[in-house]
Amino acid sequence: MTAATAVGDRSPARKISAATAIWIGFAALAMVSFALPDGTIPAWMREVPPQWRLGLDTAISNSMKWLVNDATFGLFTFREATRAISDLLDAPLTAATAIFSTGLLRGSGSTAVQLAPPLPWIAVVGIAAALGYRFGGARLALLAAGAFLYLAVFGQWASAMTTLAAIAIAVPLGVAGGMLFGILGFSVPLARRVMEPILDVMQTVPIFAYLIPILFLFGFGPVSALIATMIYAMPPMVRVTMTALEAVPREIVEYGTMAGTTRRQMLFKVMLPAARPQLLVGVNQVIMLSLNMVIIASMIGAGGLGYDVLTSLRRLDIGRGFEAGIAIVVLAIALDRLSQAYASRRRTARSDGRGFALGLLGFTLAIYMLGLFVPAIATYPQSLEVSTAPWWGEAVRWFNINFFDAMDAIKSALLLNVLIPVKRFMVAQTWLLVTAALAFAGWRLGGTRLALLAGGLSLFIALNGLWEKAMVSVYLVGISVIVASAIGIPLGIWGGLSSRAWRVIEAVIDTLQTLPSFVYLIPVVMLFRVGDFTAMIAIVLYALAPAVRYTAHGIRGVQPTLVEAGTAAGCTPSQLLTKIRLPLATPIILLGVNQTVMLALSMLVITALVGTRDLGQEVYIALTKADVGRGLVAGLCVAAIAIIADRLIQTAARRLAAQRGERTREP
């Protein structure tokens, strides 16, 4: 071969595309912003001047004050309306608390006199066992009874029953409200278009942000906590209801039409019964979210297990906090398994259900009457209670004595070499540059509409004067998501390839997902003190589960025929993973990363308790000062970050899935 031929065969150099050049330009500008000395870049590019800002926080605060102090509907004021709602909700909550926790009381406070005791602990354990056996057989009966027995044995019964009473009211009201709005969204397309962005904001605004206006409107107390729990737990039920009604098979709807049903009959006699399994999944979600809210709701008046965890965190009493946190997990597992079993069971004859209910009522009355004469039946004997609090405290003390120097060295190395440089880099970025980069990313992925959404929400944060705090939030969430993905994706791959490994991994992540968010703070504060590193560890633990679960699901979801084709072509196991399984599972893995981002953002406000200086801290300060406008605007900025990340990642996942689908269809 001659030299000329060799030169002629040489392929031309690949040209850099315009999009790549623009991204290189953004990266160069970001590095310049980071490298320039302080004061070089104009101050208005770092943070929007006060005269340019929207003033939304002041407007919201003034509006809220007007509502509470001056708004009137003619016959009654707005304050009287909110107090009437509070009184209306107080009646069932008081009744449920009397049944499960306090008994029937006359009077209030220290002067209250008990007229009748609450349900005996044996009765509640028996009811749980009976429901478990009814819905899932002997195994579920043992699990449910064991969970409630655990609460009694470990001294958590009184607090657990207070929590259960609140859940018993919040869940039915949340389910009913969610179904009503879901039916409205299904029936009226305009209502759905209005509700969709509202639901997005409700599911991305930090939980603390809900508390401020509720505290302002309804005051401090258990009813305010109940309302906050309902609002937090309702959005999934709305979405599930709309999705479930849309998924009703067309043949069933046509059968109802042929039978001459009216619109109301079609909905209540045909579609809702057909959608029952999916609706019960929504009920399960409401239960779990309500339990996730119990600690935060305790900050505005809810008692029970959440209050116990909160007071333990304030005292840094790791033993008591862990016991109360584990009690919440145990209660959550019992209610979760019972609700799932009820959702999946076959419907039985009405007469069988009536007989079961009468038998359960008879058992409860018999135990209640016995409890009036035998104290050990009514209340678990205190002398038989067991506590693990000293053991937890000693374990942490031993760990600190033996491993503090090593852990502190790791913490200092990560802070100095990773966390602080990344934080400085993010804080150095101007709002103009980041807004332009996000708008360009949105345009590349989803066109003009996504570009306007990403750029507009970024600009919203800047125009509210919270740019620096937002960049600190992005830094903390970004680092945490990278660490959680680095741990979770390999674990998910392992679990996806090995059923035995998945059984162990699933048990661990199920436990992580049922632990209340506050519980993560207690051990990490005891081990690492306060600061960004502690917050990162807590966020990683809280947000790890989706990265593991979605990755395992994506690996297991690869079509067996494609794996068989790769094996027939002589691929090694590592080649099957890197060339077939992982590329095809990437869209699902991206959705898992997206959920990890959402959970990390939801943890921001909780980590404000350990010394972070971000949007979460802004929300927490607003809560302590009852500053509605400041808290809501900071919460909306967190929601803006969440929506930007969600839309960009989901659009990228859909595009990647479409590309993978086209490639697998190629001959």
Under the classification rounded if a/c is under 1.5, otherwise prolate if a/b is larger than b/c and oblate if not, where does the stretch 372-433 fall, given a ≥ b ≥ c as square roots of the Cα gyration tensor eigenvalues? oblate
Listed residues MET271, MET598 arranged by accessible area, highest first, probe 1.4 Å: MET598, MET271
Given a Förster radius of 45 Å and the C-beta distance between GLU196 and ILE401 as r, what FRET efficiency does 1/(1 + (r/R0)^6) yield to the nearest 0.05? 0.25
Quick one: order SER17, SER108 from most to least accessible surface, probe 1.4 Å. SER108, SER17
Can you give me the three principal axis dimensions of the stretch 99-142 from its C-alpha atoms, in Å, biggest first? 45, 12, 12
Run the numbers on the stretch 124-261 and let me know its relative contact order in percent, using alpha-carbon pairs under 8 Å that are six or more apart. 24 percent
Cβ-derived FRET efficiency at R0 30 Å, SER108 paired with MET369, nearest 0.05: 0.60
Contact order relative to length for the stretch 269-320, counting C-alpha pairs under 8 Å separated by 6 or more residues, stands in percent at 20 percent
Placing +1 on each Lys and Arg Cβ and -1 on each Asp and Glu Cβ in the stretch 416-550, then taking the dipole about the Cα centre, the residue among ALA439, SER498, VAL548 whose Cα reaches farthest towards the positive end is ALA439
If amide hydrogens are placed 1.01 Å from N in the peptide plane, which non-local residues have theirs closer than 5 Å to the one on LEU105? LEU115
Run the numbers on the chain and let me know its relative contact order in percent, using alpha-carbon pairs under 8 Å that are six or more apart. 18 percent
With labels modelled as points extended 7 Å from the Cα through the Cβ direction, what inter-label distance (nm, one decimal) is found for PHE26 paired with TYR255? 5.2 nm
Sorted by packing (mean other beta-carbon atoms within 10 Å per residue), highest first, where do 608-617, 364-373, 127-136 land? 608-617, 127-136, 364-373
Using a probe radius of 1.4 Å on heavy atoms only, what accessible surface per residue do you get for the chain? Whole Å² is fine. 50 Å²
Lys pairs in the chain with Cα under 28 Å (8 or more apart in sequence, or on separate chains) total 8
Only helices counted: for the chain, with every DSSP H run of 4 or more residues adding -39500 (n - 2.57) and the sum spread over all residues, [θ] at 222 nm is -25500 deg cm²/dmol
Isotropically averaged projected area of the stretch 350-458, using the convex hull of Cα atoms (one quarter of hull area), nm²: 18.6 nm²
If each of PHE73 and ARG613 carries a label point 7 Å out from its Cα toward its Cβ, how far apart are those two points in nm? 4.6 nm
Taking square-rooted eigenvalues a ≥ b ≥ c of the alpha carbon gyration tensor, is the stretch 180-265 rounded, prolate or oblate, where a/c under 1.5 means rounded and, failing that, a/b exceeding b/c means prolate? prolate
For THR261, residues with placed amide H under 5 Å, excluding near neighbours: none
Once Lys and Arg get +1 and Asp and Glu get -1 on their Cβ, which of LEU316, GLN575, GLY221 lies farthest toward the positive end of the dipole of the chain? GLN575
In the chain, carbon and sulfur make up what percent of the accessible area (probe 1.4 Å)? 66 percent
Ignoring ligands and nucleic acids, TRP392 exposes an accessible area, probe 1.4 Å, in Å² to the nearest 10, of 70 Å²
Among 419-429, 157-167, 525-535, what's the highest-first ranking by average C-beta atoms within 10 angstrom per residue? 157-167, 525-535, 419-429
Any idea what angle helix 157-187 forms with the longest principal axis of the chain, computed on alpha-carbon atoms, 0 to 90 degrees, nearest 10? 60 degrees
Computed curve, the chain, Cα-only Debye sum without solvent term, log₁₀ I(q)/I(0) at 0.06 Å⁻¹, is -0.41
Backbone HN-Hα couplings from phi across the stretch 296-304 [Karplus 6.51/-1.76/1.60, Hz, Gly and Pro as x]: 5, 5, 5, 6, 10, x, 6, x, x
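The values are calculated or read from the model by the stated rules, or taken from the named source; none is laboratory data. What you are looking at is a predicted structure, and each value in this text was computed from that prediction instead of being measured. Backbone-built Cβ (ideal geometry, glycine too); neighbour counts: all protein chains shown. In case anyone asks, the SASA skips ligands and DNA or RNA and just uses the protein heavy atoms, side chains included. Shrake-Rupley method; radii C 1.70, N 1.55, O 1.52, S 1.80 Å.
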